[in-house]
Amino acid sequence: MALVVDLADVSDADLPLVGGKAGKLGEMIRQGLPVPPGVVVTTETYQAFVDATVLKLEIPNALATLDLQRPESVDAVSRRIRDAFESTEFPDELRTAVAGAFEAYARRHEVEFSAVRSSATAEDLEGASFAGLQETYLNVAGTDEVLAAIRRCWGSLFTPRVLVYRARKGFDHSTVRLAVLVQKMVNSVVSGILFTRDPNTGENHMIIEAGWGLGEAIVGGEVTPDHYVVDGATQQIVQKQLSEQSVRLVRAEGGGNLREPVPAAERGVQKLPDERILRLASLARVIESRYRRPMDVEWCADAKSLYIVQARPVTTLPSGTSPGSGAGASAPAAVAPARASGGSSSSPGPLVKGFGASPGIAGGTARLLLAAAELDRLKPGEVLVTTMTTPDMVPAMTRAAAIVTDEGGITCHAAIVSRELGVPCVVGTRTATKAIADGSEVSVDGKTGHVYKGLEKARAATPPPAATGGSAGADSSHHGAPVTATKIYVNVGVPEKAAEYARLPVQGVGLLRIEFIFTAHVREHPLALIKAGRSAELVERLADGLAQVCQAFHPRPVIIRTSDFKTNEYRGMPGGEPYEPQEENPMIGWRGCSRYISPVYRPAFLLELEAIHRVRTERGLKNAHVMLPFVRNTWELEEIAQMLRDKGLRRSRDFQLYLMAEVPSTVLLAREFSQHCDGFSIGSNDLTQLVLGADRDSETLGRMGYFDERDPAVLKAIEMLIEGAHAEGRTVGICGQGPSVYPEFAEFLVRKGIDSISLNHDTVLSTIRTIASLEQRLKLDQVRRGRD
């Protein structure tokens, strides 16, 4: 059994063993092309792992319940299989073989960091690229981390988007297997994608896109890259369009990826020098010559060399284009429309212009989706308008009549998938999400890159899509609510109100207080229940309440704040008096995180975590995240983080941990606390109390005006927190009524770059309008200052 093979020893003929990606890279090594060295963990290893573990039964049992017509079924099947892969360790013999082969290769090639990449047997094939659908992990350091990444890659064979895409392309789920390619990681200075033929028009010229840092940001549409055109006949550069790139993805110290600002002097310059453009085009001609068809090539470069890291057939040339022909007419003078920040003011002119990324003309109602949690808002036949698409959006993209994005080039995820779906697509407009009103009617020309107001253009080209009547409920409440850059969440106390609040135009739940579920669903002190042997009952009641909220908002995120009862509040619960001390000032006493790490209360906190874990696993609601209240020190966080891990709650892309910023220590050491979390939520009441030394419950101080979250000292603390958190790439929100009560406080928060505001339900709509107006006014102020 070939468990691990050297990349240099494989070829296209080994597709069943090493998958499409690895097979083509091995073939290119044989052609003498520069490819980073690597090894392939074969499909036989995948099968051996499955056969020797619970996956042998878990996969077919889960797939037997799959109903592709029901998104909730797709999500549930995916979660079940992926959780099984991630929680199942390698059998000892298999681990020894794979780890030994990897370590021997790493020593030979002096590998410090690795790229761990999926290579499926149904991948990079003509007619189906599976672009971006299976997982890749970059800058992975260490054997244990590589083995864990391999299991996650295997699990990605069953993500919802892959299940949907595989069915659409006619692949049998039960026969597809996955190899994993482990390569030496290139420390990329610049990277990008190349098409040996224009995928939008089929014309004979090469399209090259380039951006600073790792290529994941380009493929994912996070940045709009430079766009170069090389004539296929003369091999001359005939067009260059330079983009402004403000952020890049680079290697983090110790491994993993880090987003960092691009220095101002480098943002607008040409990313790839002419000589490297021509060298890259020369390499691409060798690849196209080998496969005798247009190819889609991913490349990267460090300070010294260019490397090829993937090649696959272009799966979506316009009809009538011959894949095997290599020569043709030279590129026209204007290969792609220039980007524009807006449309012409005359009525025939486009609303916005960008890159035509997938040909065709279609029209419909524009639906602005600014977060993955909003995907359910898109109805069949509507036009998806978003900042950028991600692989998780594929199920929604299949419903769209057309797709328009702010960011991305013609090689980004949106472009590739749109072409395969046959959906007109315009990318890189820069301003679509601002210039196109949610609910308005638009026509999209995916060849010219123009988006027009109204349906006239679409009607002239093709019959309009069937009307899709809107339903009452969640979507109806969105009408008239403006889009804001600041995310708006809602606070939820009573689970029974979740379904009602879920109809609000919010991005999710910014604060779900678990203590409200204690009072409404549990009604007894947790330690008393534990003593009575009723721990399972406690967990079940908490899980029921939490799941009710998470289900109502799914897939929008729900941030669950773990319990923050003060001792005087806990004493009042049935059975609480024996466990709660008398404190003179409970507000700054035994509460929040200090409870969780105390031997007395730890068992109760672990049951809270068990309930949350059960919601995420047994109930399949991965939109449940955790926020810790009243954090004082980083060392208590380290202990709590271990408790979370012990309960299966590990920080990842799918599970975020947030901290309440209530104690000044979190403000003063924001950058240090950022190492332990994914973001902060300002608890303005407690922060005001502790910054000003003013008891929030003191009526006397309140009447005298001491307790005021608009106090300059409190505002300074908030500013410090935002600056410190953003410096470490962490988000900052606020959960409180200050922004809805005091417009000047809201303006301060928006000016300082607050990422989100979580509100009580009755102030959501009015505050959205206030925030939208503020953001517009600030934008106009910036324009005026620029003119001055």
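The values are calculated or read from the model by the stated rules, or taken from the named source; none is laboratory data. Keep in mind the model is a prediction, meaning the values are calculated, not measured. FYI the Cβ positions are ideal-geometry reconstructions off the backbone, even for glycines, and counts take in every protein chain you see. Just so you know, the surface numbers come from the protein's heavy atoms only, side chains and all, with ligands and any DNA or RNA stripped out. Shrake-Rupley method; radii C 1.70, N 1.55, O 1.52, S 1.80 Å.
Observations on the model:
- Answer residue from region 388-405, given it is assigned to a loop (DSSP other than H, G, I, E, B) and at pLDDT below 90 and is farthest from Gln241 (Cα to Cα) among those: Arg399
- Which numbered condition Val180 misses (of (1) touching an Asp or Glu at 6+ places or on another chain (Cβ under 8 Å); (2) open to solvent by less than 20 Å² (accessible area, probe 1.4 Å); (3) modelled with pLDDT of 80 or more): (1)
- The residue list Val490, Val417, Val506, Val451 contains one member that is modelled with pLDDT of 80 or more, farther than 30 Å from Ile754 by Cβ and either within 27 Å of the chain's Cα centre (by Cα) or in a strand (DSSP E or B) (or both), which is Val451.
- Criterion violated by Leu749 - all others in (1) assigned to a helix (DSSP H, G or I); (2) within 16 Å of Thr666 (Cβ to Cβ); (3) open to solvent by less than 20 Å² (accessible area, probe 1.4 Å) satisfied: (2)
- Any chance Asp564 is open to solvent by 10 Å² or more (accessible area, probe 1.4 Å) and either among the hydroxyl-bearing types (Ser, Thr, Tyr) or touching a residue at least 12 places away in the same chain (Cβ under 8 Å) (or both): no
- Selection count, region 355-366, where residues are over 12 Å from Ser418 (Cβ atoms) and open to solvent by 20 Å² or more (accessible area, probe 1.4 Å): 2
For every residue, the table says whether it meets (1) open to solvent by less than 10 Å² (accessible area, probe 1.4 Å); (2) farther than 11 Å from Arg367 by Cβ; (3) touching a residue at least 60 places away in the same chain (Cβ under 8 Å).
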residue	(1), (2), (3)
Gly381	no, no, yes
Met388	no, yes, yes
Thr398	no, yes, yes
Thr405	yes, yes, yes
Ser418	yes, yes, yes
Ile436	yes, no, yes
Glu441	no, yes, yes
Val444	yes, yes, yes
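- Figure legend. Inter-residue proximity from region 227-247: first residues free of Cβ contacts under 8 Å to residues at least 12 places away in the same chain, second residues in a strand (DSSP E or B) and surrounded by 13 or more Cβ atoms within 10 Å (Cβ to Cβ), beta-carbon distance below 8 Å, spacing 6+ or different chains. Indicated pairs: Gln236/Val230.
- Members of region 1-31 found to be in a loop (DSSP other than H, G, I, E, B) and touching a residue at least 40 places away in the same chain (Cβ under 8 Å), listed by number: Met1, Ala2, Leu3, Gln31
- For Glu496, the test of being charged (D, E, K, R), open to solvent by 10 Å² or more (accessible area, probe 1.4 Å) and modelled with pLDDT of 90 or more is failed.
- Beta carbons closer than 7 Å, at least 6 apart along the sequence or on distinct chains, pair a first residue in region 281-299 that is closer than 20 Å to Pro36 by Cβ and of a type outside the set (A, V, I, L, M) with a second that is assigned to a strand (DSSP E or B) and open to solvent by 50 Å² or more (accessible area, probe 1.4 Å) for Trp299/Tyr307.
- Residue list for region 728-746, restricted to those being among the small types (Gly, Ala, Ser), open to solvent by 10 Å² or more (accessible area, probe 1.4 Å) and under 25 Å from Pro261 (Cβ atoms): Gly729
- Filter result (in contact with a Phe, Trp or Tyr (Cβ under 6 Å, 6 or more places away or on another chain) and over 30 Å from Pro36 (Cα atoms)) within region 57-105: Ser78, Ile81
- Breaking point among (1) over 21 Å from Thr389 (Cα atoms); (2) modelled with pLDDT of 90 or more, for Gly213: (1)
- Residue among Pro60, Pro37, Pro71, Pro91 that is in contact with a strand residue (DSSP E or B) (Cβ under 8 Å, 6 or more places away or on another chain) and in contact (Cβ under 8 Å) with a residue 12 or more places away in the chain: Pro37
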